[in-house]
1. Put one equal scatterer on each alpha carbon of the stretch 270-324, apply the Debye formula with no solvent term, and list log10 I(q)/I(0) at q = 0.16, 0.17, 0.24, 0.29 1/Å to two decimals.
2. Please give the length that would be gained between residue 420 and residue 95 if that part of the chain were fully extended, namely 0.36 nm times their separation in residues minus their C-alpha to C-alpha distance (nm, one decimal).
3. For the chain, would you read off the P(r) tail past 41 Å as a percentage of all alpha carbon pairs?
4. Give me 136, 98 sorted ascending by neighbouring Cβ count inside 10 Å, so fewest comes first.
5. Measure nothing but the geometry: give the 0 to 90° angle between the long axis through the Cα atoms of 176-211 and the longest principal axis through the Cα atoms of the chain, rounded to 10°.
6. Label 7 Å along Cα→Cβ of residue 331; the stretch 203-241 residues with amide nitrogen under 19 Å?
7. Which whole-Hz ³J(HN,Hα) couplings does the stretch 309-325 yield from phi under the Karplus relation 6.51 cos²θ - 1.76 cosθ + 1.60, θ = phi - 60°, glycine and proline marked x?
8. With no solvent and one point per C-alpha, what does the Debye sum give as log10 I(q)/I(0) for the stretch 150-211 at q = 0.23 Å⁻¹?
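FYI, it's all coordinate maths here, none of it is from the lab. Model, not experiment: these values are computed from the prediction. Positions of Cβ are generated from backbone atoms using ideal geometry, with glycine treated the same way; all protein chains shown enter the neighbour counts.
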Amino acid sequence: MGRISIIFLAAFFFSLPIPGLGQEAAGNELDRLTEEAVRNNPGLKAKREQAEAIKVRIKGAVSLDAPQLGVEFYQTPISSFPNPLDDQMEIDYFIEQMFPLPGKLYAMKNSAKSSSEMAEQEYRAGERMVIMELKMAYYDLYLTQRKIIINDENQKLMKSFVEIAARQYEVGMGNQSDFLRAETELANLVKDGVKLEQEKAIAESNLNLILGRTQESGFPAIQKIESEIPDFSFEQIKAITRENNPELKMQEYNVEMSRAELAYSRSDYLPDLMVRGMYKDMQDTPDDFWALMVGVTLPVAPWSNPAYSSRLKGNELGLKKSEAQYLGAENMVNAGLKQALAKINGNKKLIALYRSTIIPQAEQTLNSTISAYRTGKTEFLMVIDAYRMLQMAGVDSEMVLMEYMSGQAELENAVGLSLEEIRAKIRQ
């Protein structure tokens, strides 16, 4: 019976996913969840609305100030109060409008457009982050589900160990402590199973939070998650990342916005034009007439110049700050890219090592140790140690697989594209 249980457990470990086989269903499910998260995630919805709001404000940023309309009662006798229309000598009706020079409007338009593009890229960055967080949570739930399955199989295996230890004790080839040790290991597995159910509930809660679902929603058993990730080089990915990472694009637009604001502050030294048109209604004569007034602002006046010069200096420093922020973001993105590639490549090698060496050797060790125990050539403690090695190998191999796929999610987030889009870009 013990032999059968070991073979069954080994078969379970060797059923770990092989790249490209049986992944379509799991991939489709993850794609559906990704679409749902992008559509329903509350934080992402807020960024989407913010981007739309800023886009709508572009027209307002380049509009002229509202004109002023007015009426002036000229030389009104005090005796006419409170009727201003009584005994008037003249009533003036006017409209007045300020006109900034075209360079100012152009700079304002560029600044507003860059601000809108920044908001759009901020939304894209939020979208990529939500997708990464979703995949991380999905893989975490997968790992927890696999741990539960492994725990269930280990309980079955440990029950067979209890039976083996009991029979050995009955025929005088074992002792009671072996039986008790096996019972203790079984109790620990049951305890671990309870904790794993708690971890599963937490993982499902995290997924529901990202998806914008109610906490009552559950998830079916996740099938194999592994997909083949090509061996991308850092230089290949770096070139694509520079063009597609939303964080970098956002910082590029931030630099452009700072340049537009600097251009606007320089144009502050140019005067604005004020035009006033007036109709003079002469009360004591039929000869009414029009009047036109044209004026300009004086930004170089001693009492107004400090405001303009300080704004110019502040925008010059703001541009330097934006350029430094871009370099900092670029370094951070490249570091994340390097780490993601290292995570993928390292765990890819570990997956192959577990499948070709570690798990087969652990299974062989446990099998031979049980045979030795049956014939009285070793102690039951050695059986427990060999069992623990196989148990740890099974759980660790699943953790390595989860880390491998998490590396893909981190790579996609760093580049700003899905794995399929990265492949397509490299083939171009």
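1. -0.69, -0.73, -0.92, -1.05
2. Result for the pair: 110.9 nm of gain on full extension.
3. 48
4. On the way: 136 19, 98 15.
With the sparsest Cβ surroundings first, the list reads 98, 136.
5. On a 0 to 90 degree scale, this one is about 20.
6. The answer is 238, whose backbone nitrogens lie closer than 19 Å to the label point.
7. 5, 5, 5, 4, 4, x, 6, 5, 5, x, 5, 4, 5, 4, 5, 5, 5
8. The Cα Debye sum returns log10 ratios of -0.86.
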